[in-house]
Structure formats: C-alpha cells, structure tokens
1. Where the second residue is of a type in the set (Asp, Glu) and in a loop (DSSP other than H, G, I, E, B) and the first is within 15 Å of Leu35 (Cβ to Cβ) and free of Cβ contacts under 8 Å to residues at least 24 places away in the same chain and lies in the stretch 12-24, which pairs have Cβ atoms under 9 Å and are six or more apart or on separate chains?
2. Hey, does the stretch 105-128 have a residue that's more than 26 Å from Phe83 (Cβ to Cβ), assigned to a loop (DSSP other than H, G, I, E, B) and either touching a Gly at 6+ places or on another chain (Cβ under 8 Å) or among the hydrophobic types (A, V, I, L, M, F, W, C) (or both)?
3. On the basis of being over 16 Å from Leu35 (Cβ atoms) and loosely packed, with under 14 Cβ neighbours inside 10 Å, does Gly137 make the cut?
4. Could you identify the single residue in Asp57, Asp2 that is touching a Ser or Thr at 6+ places or on another chain (Cβ under 9 Å) and within 13 Å of the ligand (Cβ to nearest atom)?
5. Taking Leu35, is it out of contact with any Lys or Arg (no Cβ under 8 Å at 6 or more places or on another chain), within 13 Å of the ligand (Cβ to nearest atom), of a type outside the set (D, E, K, R) and within 18 Å of Ala111 (Cβ to Cβ)?
Amino acid sequence: MDYHQLITGRDLWIGGIKIPHSKGALGHSDADVLLHAICDAMLGALALGDIGYHFPDTDASFKDIDSKILLKKCNELIQARGFKVINIDSTICLEAPKIKPYVTQMQQVIASIVRVTPEDVSVKATTTEEMGFVGRGEGLKAYATVLLGSI
Ligand SMILES: [Zn+2]
C-alpha cells in the first residue's frame with residue numbers, strides 16, 4: 001500500500017504512465033503510487049523490508065527517479081532470492097481524473113518490467129465516494145497484492 005499528496009506543479013505518474021491532470025503527486029521520486037505499492041508488495045512477500053528501506057528519500061540519487069527503475073530493481077531483488085512474479089492485483093483510489101483510459105497501457109508497462117503478460121496484471125480504480133483525503137482530491141493511494149513463485 002502507498003499514498004501520496006496531490007499538489008499543483010507536479011506531474012501525475014501512475015502505473016508508469018504520465019496522466020494529464022491539474023495536479024501531480026508529491027514525493028522524492030516521481031511519486032508513482034501504483035508502482036510503489038507493487039514494489040512494496042513484492043518486497044513484502046519475501047520479508048525484504050519496504051521501498052523506503054531499499055531506496056531511501058535521503059539518497060539524492062533517487063530524487064525524481066522514474067519509479068519504473070525502482071520496480072525493475074525490486075524485480076531483480078526477488079529474482080536474486082529465486083522468485084518471480086506470477087500475477088499482480090492492484091487498486092488505485094483516486095477522485096479524479098478517470099484512470100480507465102490508461103489501464104491497458106499501465107498493464108503493458110508493468111508486465112514488461114516484471115516479465116509477465118499484461119493479462120497477469122490487474123489494475124482496478126475506484127473513487128472513495130468523495131470521502132476522506134482521496135475524496136477531497138488532496139491525495140491518492142494504491143493497494144497491491146503480488147503472487148510470487150519459484151524460478
Ligand atoms: Zn510512494
């Protein structure tokens with residue numbers, strides 16, 4: 001699970017795709033909430049800590065880094081332990097904009113990095129019915145579950 005604040009003057013990257021919007025996600029990296037949630041799920045499945053442990057925001061080399069690079073590094077970490085991704089389920093919680101037009105592209109990007117087929121990457125999106133920080137458009141969050149198998 002991951003969440004980020006939405007502010008003006010930042011690009012909005014979700015699932016490795018840049019989405020046109022009046023606000024973007026605040027973070028040390030490109031703040032891609034979906035890729036971060038997937039990274040954390042992959043690391044968590046092998047009890048390897050979290051994304052903040054492997055890629056600390058105190059490290060200048062990760063400033064504004066493309067989170068696709070972080071996902072690739074996480075995939076290498078699990079492969080080094082003898083595991084690979086079998087499939088992924090994920091949910092983005094966001095009030096606006098609509099995510100549906102970008103889902104196919106996100107599936108393709110994520111699948112190519114973790115070396116599965118796009119059909120093995122589920123990307124769902126929901127609003128929170130105007131409730132809470134997501135509903136007020138102050139931020140967004142994402143949940144991910146990853147199934148790993150032995151190489
Ligand atoms: Zn994040």
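Values in this text are rule-based calculations from the coordinates and carry no lab data. Computed from a prediction, not measured in an experiment: that's the story for all the values here. Here Cβ is always computed from backbone atoms with ideal geometry, including for glycine, and neighbour counts include all displayed protein chains.
1. Close Cβ pairs (under 9 Å, with a partner that is of a type in the set (Asp, Glu) and in a loop (DSSP other than H, G, I, E, B)) amount to Lys18/Asp11; Lys18/Asp30; Gly24/Asp11; Gly24/Asp30.
2. Taking every residue of the stretch 105-128 in turn, at least one turns out to be more than 26 Å from Phe83 (Cβ to Cβ), assigned to a loop (DSSP other than H, G, I, E, B) and either touching a Gly at 6+ places or on another chain (Cβ under 8 Å) or among the hydrophobic types (A, V, I, L, M, F, W, C) (or both).
3. Working: over 16 Å from Leu35 (Cβ atoms): yes; loosely packed, with under 14 Cβ neighbours inside 10 Å: no.
Criteria not met by Gly137.
4. Matching residue, one of Asp57, Asp2: Asp57.
5. When the stated conditions are applied, Leu35 does not pass them.
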